[in-house]
Every structure is written in structure tokens, then in C-alpha cells.
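Take a look at the structure set out below.
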Amino acid sequence: MRLYTYFRSSAAYRVRIALGLKGLEWEAVPIHLVQDGGQQHSEAYKAVNPAGLVPALEDKGAVLTQSLAIIEYLEETHPEVSLLPGDAVSRAHIRALAQSIASDLHPINNLRVLKHLEHGLGLDAEQRKAWYLHWIGVGLEAFEKQLAFHNKAGDFCYGNTPTLADVCLAPQVYNANRFGYSVDHLPRIAKAVQACSQLPAFIQAEPANQADAE
């Protein structure tokens, strides 16, 4: 397997965690999202992913894009360590938690949106940060309420083993911390992230531990 990745990309971070939890071997192909005007915009990379986004995964001749689609593929092809455990209702709850990060929160705070706020709409650094902090607060506070609503006691988001929800949450909290947002007032999130931080798969996937880390 070859993973086209960027050390700080939350989406690529999710896939790195999933690969680690499933014990799979893979090769990293770094795509720097800032250097050279953004290497994801190069013709060479767009031949892999026409959307010009990371991550992309090559496996057995197939090229897969979109982090959750990639992880679902890994779940189907390597089900031994499940990231979607339990019955159909539990799996739907876990998917909903994951989607609340990947579909609702992350897209409005990712790099290309923040760059457009600055270069396209003329917001200064403080205004851009205010945008980020507003939406990260809205999203993570809603996630905390979802965890309370499901009330699945355990160390992680949904029980005592990491699931797709944790795979999405940990990178988002890392990103939030970079911008100075603390989750100390969100006890369920803080507990899950702390539990994740003790696992080798999460540690190995951390941005600081990637070959392209700066």
C-alpha cells in the first residue's frame, strides 16, 4: 500500500491511524500542501487524485480517495480489528460521530478554506483565527453532546476500544490545539483523546512522527 499524505493533514492523519490500528504495512508518499505552491496541485499528483486533495491510497492497482471511504475500504478488506464494532445501531452511531467531524467540522476549517478567507476575502490573521476558533468550538461542543447522548461508558468515544469516531476525533483535536483551542472543558472528548494518545497506532500516526514533519 502507498499512502499519499501530508504530516499535518487531518484527513491523512485519520488514515494513518486506521492503518496502524489494523497492523497494516504501508509506504508514505509525502505531498506538501504548501511548498511549490502546493504539491497537491501538480499535474503528477492530479494524475493520482484529480481533486488535488490528500490522502489517496494505492492498493492492488486501485487508487482510493476521501479518508472515510479509504477507511471503510480497509474495514471491509481487513476486518480483523474492527473500527465499526457492534450491531447496526452502534455502527450507525459511530459513523455519525465520525461524519460530524469529517463532514460538518473539518471542511469549513481546512487549509484551503483558511487560505481563501485570507487571500480571497481579505481577512487578516486574527480574523481568520477567530473564524477557526468559532467553528471548532461549535463542532467539538456538539460532538461532546453527542457522546453524552449516546452515553456509551468507556475510555474511548464509544466504549472501551477505539473506533472510527476516535480515528476522526484525535486529528481534529490535534488541529484545534495548534490554534490554541483547549478541550479541557469537554471531559468526554478529553478522556477519549487521552486514551488514544497511549496507543502505538495513534502515536505512530502523529504529525511529529512522520518523515515529512517540519
Cβ pairs under 9 Å, 6+ apart, first in the range 7-29 and outside the structural domain of residue 99 (by TED's automatic domain parsing), second of a type in the set (S, T, N, Q) and part of a strand (DSSP E or B) = 12/5; 13/5; 15/5; 16/5; 28/5; 29/5
ask   = Among the residues of the range 39-61, which ones are in contact (Cβ under 8 Å) with a residue 12 or more places away in the chain and not hydrophobic (A, V, I, L, M, F, W, C)?
value = 40, 45, 49, 52, 55, 58, 59
query = Which residues, counting only those in the range 151-192, are within 23 Å of residue 214 (Cα to Cα) and of a type in the set (Val, Ile, Thr)?
reply = 167, 173
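Looking for something farther than 25 Å from residue 37 by Cβ and over 17 Å from the mean Cα position of the chain (by Cα) - is there at least one such residue anywhere in the range 167-180?
Of the residues in the range 167-180, the ones farther than 25 Å from residue 37 by Cβ are 167-170, 172-174, 176-177, 180.
Those left that are additionally over 17 Å from the mean Cα position of the chain (by Cα): 180.
Yes, there is a match, as at least one residue in the range 167-180 is farther than 25 Å from residue 37 by Cβ and over 17 Å from the mean Cα position of the chain (by Cα).
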query = Considering the range 112-128 alone, what residues qualify as being exposed (fewer than 13 other Cβ atoms within 10 Å of the Cβ) and part of a loop (DSSP other than H, G, I, E, B)?
reply = 121, 122, 124
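For the range 192-210, indicate whether the set of residues that are over 29 Å from residue 30 (Cα atoms), without any contact (Cβ under 8 Å) to a residue 24 or more places away in the chain and either of a type in the set (Asp, Glu) or in a helix (DSSP H, G or I) (or both) is non-empty. Can you show your working first?
Initially, the range 192-210 is screened for residues over 29 Å from residue 30 (Cα atoms), giving none.
No, every residue in the range 192-210 fails to be over 29 Å from residue 30 (Cα atoms), without any contact (Cβ under 8 Å) to a residue 24 or more places away in the chain and either of a type in the set (Asp, Glu) or in a helix (DSSP H, G or I) (or both).
Output yes when any residue across the range 57-77 is β-branched (Val, Ile, Thr), in the same structural domain as residue 164 (by TED's automatic domain parsing) and buried (at least 20 other Cβ atoms within 10 Å of the Cβ), and no when none is.
Within the range 57-77, none of the residues are β-branched (Val, Ile, Thr), in the same structural domain as residue 164 (by TED's automatic domain parsing) and buried (at least 20 other Cβ atoms within 10 Å of the Cβ).
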ask   = Residues of the range 82-103 being surrounded by 17 or more Cβ atoms within 10 Å (Cβ to Cβ) and either at positive phi or not in a helix (DSSP H, G or I) (or both), which ones?
value = 83, 84
key: Evaluation of residue 79 against (1) in a loop (DSSP other than H, G, I, E, B); (2) more than 27 Å from residue 200 (Cα to Cα); (3) not aliphatic (A, V, I, L, M) (one fails), failing number   = (2)
Residue ID - surrounded by the fewest Cβ atoms within 10 Å (Cβ to Cβ), chosen from residues in the range 129-174 that are assigned to a helix (DSSP H, G or I) and acidic (Asp, Glu) = 141
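The values are calculated or read from the model by the stated rules, or taken from the named source; none is laboratory data. Bear in mind the structure is a predicted one, so any value in this text is a computation, not a measurement. Don't worry about glycine lacking a Cβ; one is built from the backbone with ideal geometry, like all the others, and counts go over all protein chains shown.
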